[in-house]
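Trainee: I have a structure here, written as structure tokens, and I will follow up with some questions on it.
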Amino acid sequence: MVNYHLKISGRVQGVGFRWSVYQLACQTGVEGIVMNKNDGSVYCELQGPTAIVNELIAKIKAGPTPYAKINEVKIKQGIIKNYHHSFQITH
């Protein structure tokens, strides 16, 4: 089980990015949150089995929606926490 915090920059707001990440996370059982940040980036916390989370990160880097353009993905390791077995879009 891993917990990663991602800061995704590029054209990631107003293009369905958070919804796409939400759908992918729910399909794979990854827990966490995704939210827009004031600087135009998107912030994610992803938690789950290592292989599944790494696969989701690869999909995020590739751009989960055709309208997004990913410039950079910064990843930091977080601590395991209780997301109540869910993934949520927050603000």
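Trainee: Per residue, how many Å² of accessible area does region 2-89 show with a 1.4 Å probe?
Mentor: Details: 4880 Å² over 88 residues.
Result: 55 Å² per residue.
Trainee: Hey, another quick one. Hey, what angle do you get for helix 50-62 against the long axis of the chain, alpha-carbon based, 0 to 90 degrees rounded to 10?
Mentor: 0
Trainee: From the phi angles alone, apply the Karplus equation (6.51, -1.76, 1.60; θ = phi - 60°) to region 78-91 and give each ³J(HN,Hα) in whole Hz, x where the residue is Gly or Pro.
Mentor: Once rounded to whole Hz, the list reads x, 9, 5, 9, 9, 9, 6, 6, 9, 10, 10, 8, 10, 10.
Trainee: Still on this model: Could you point to the residue in 33, 65, 86 farthest towards the positive end of the chain's charge dipole, with +1 and -1 charges on the Cβ of Lys/Arg and Asp/Glu respectively?
Mentor: Of 33, 65, 86, it is 65.
Trainee: HN-Hα J couplings of region 65-74 from phi, Karplus 6.51/-1.76/1.60, θ = phi - 60°, integer Hz, Gly and Pro as x?
Mentor: In residue order, the calculated couplings are 9, x, 8, 7, 10, 8, 9, 7, 10, 9 Hz.
Trainee: Something else now. Under 19 Å from the Cα of residue 61, which lysines turn up, not counting those fewer than eight places away in the same chain?
Mentor: 7, 37, 69, 74, 76
Trainee: Next question, about the same structure. Along Cα→Cβ, 7 Å out, is where each label goes; now give me the distance between the ones at residue 27 and residue 13 in nm to one decimal.
Mentor: Going from the residue 27 label point to the residue 13 one covers 2.7 nm.
Trainee: Okay, next question. From the helices alone, meaning DSSP H stretches of at least four residues, give me the mean residue ellipticity at 222 nm for the chain, per-run term -39500 (n - 2.57), in deg cm²/dmol to the nearest 500. Provide the component values of the computation, followed by the final result.
Mentor: On the way: 2 runs with 25 residues, N = 91.
Roughly -8500 deg cm²/dmol at 222 nm, from the helical runs in the chain.
Trainee: Once amide H atoms are placed 1.01 Å from N in the peptide plane, what residues at a sequence separation of 5 or more from residue 78, or on another chain, have their amide H within under 5 Å of its amide H?
Mentor: Result for residue 78 returns 3, 4, 5.
Trainee: Give me Rg/Rg_expected for region 2-89, where Rg uses Cα atoms only and Rg_expected = 2.2 N^0.38 Å with N residues.
Mentor: Numbers: Rg = 11.6 Å, N = 88, 2.2 N^0.38 = 12.1 Å.
Compared with the compact-globule rule of thumb, region 2-89 sits at 0.96.
Trainee: What dipole magnitude, in Debye to the nearest 20, does the chain give about its Cα centre under +1 on Lys/Arg Cβ and -1 on Asp/Glu Cβ? List each step's numbers first, then the result.
Mentor: Numbers: 10 positive and 5 negative charges, 46 e Å.
Charge dipole, the chain, about its Cα centre: 220 debye, nearest 20.
Trainee: Something else now. Measure out, as a whole number of angstrom, how far apart the alpha-carbon centroids of region 33-77 and region 1-22 sit.
Mentor: 4
Trainee: Provide the FRET efficiency to the nearest 0.05 for the residue 71-residue 35 pair, computing r from the beta carbons and using R0 = 25 Å. Please report the intermediate quantities before stating the final value.
Mentor: Details: r = 18 Å, r/R0 = 0.73.
In this case the efficiency is close to 0.85.
The values are calculated or read from the model by the stated rules, or taken from the named source; none is laboratory data. What you see is a predicted model; the values in this text were computed from it and never measured. In this analysis, Cβ positions are derived from the backbone assuming ideal geometry, glycine residues included, and neighbour counts consider all displayed protein chains. Ligands, DNA and RNA are excluded from the accessible area calculation, which covers all protein heavy atoms including side chains. Shrake-Rupley method; radii C 1.70, N 1.55, O 1.52, S 1.80 Å.
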